[in-house]
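Throughout, read-outs are computed from the coordinates displayed, never taken from laboratory work. Predicted model, so just to flag it, every value in this text is computed and none were measured.
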Ligand SMILES: [Zn+2]
């Protein structure tokens, strides 16, 4: 298989896909490829795409897999913006210790957000 032009796939998705929340047609400027890999020997490609709806501001991530003549696509509504997706993509899952620390912090929290969020000097 020749290398797939990711730009063409995004253009194709932008042409056929509509927002699952409000039905508005996706804008290519708000659609970006987060991750992709291609295997020319196995004739396969996988692309992870994020798109923001300009009308209702919801976000959707699409996983597109191309295996020879077959194309599989799974879409998922997300509350992550395009920037959030890029930011958290390289991060690992939340650890047990992080959950325990948040639990301890919330247990001692008295509702004073100004003190909690103030810059420590
Ligand atoms: Zn929408």
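For helix 6-16, report the angle its Cα long axis makes with the longest principal axis of the Cα atoms of the chain; keep it between 0 and 90° and round to the nearest 10°.
90
Given a 10 angstrom Cα cut-off, can you work out which residue in 55, 110, 18 is the most mobile in a GNM of the chain?
110
What is the percent of Cα-Cα separations in region 60-121 that go past 15 Å?
Beyond 15 Å sits 74 percent of the P(r) for region 60-121.
Cα axis of helix 96-108 to longest principal axis of the chain: angle in degrees, 0 to 90, nearest 10?
Roughly 40 degrees, rounded to the nearest 10.
When Rg is the radius of gyration of the Cα atoms in the chain and Rh is its Kirkwood radius, what does Rg/Rh come to?
Ratio of gyration radius to Kirkwood radius for the chain: 1.14.
Pick from 33, 71, 60: which is most flexible by mean-square fluctuation in a GNM of the chain where alpha carbon atoms under 10 Å apart are linked?
71
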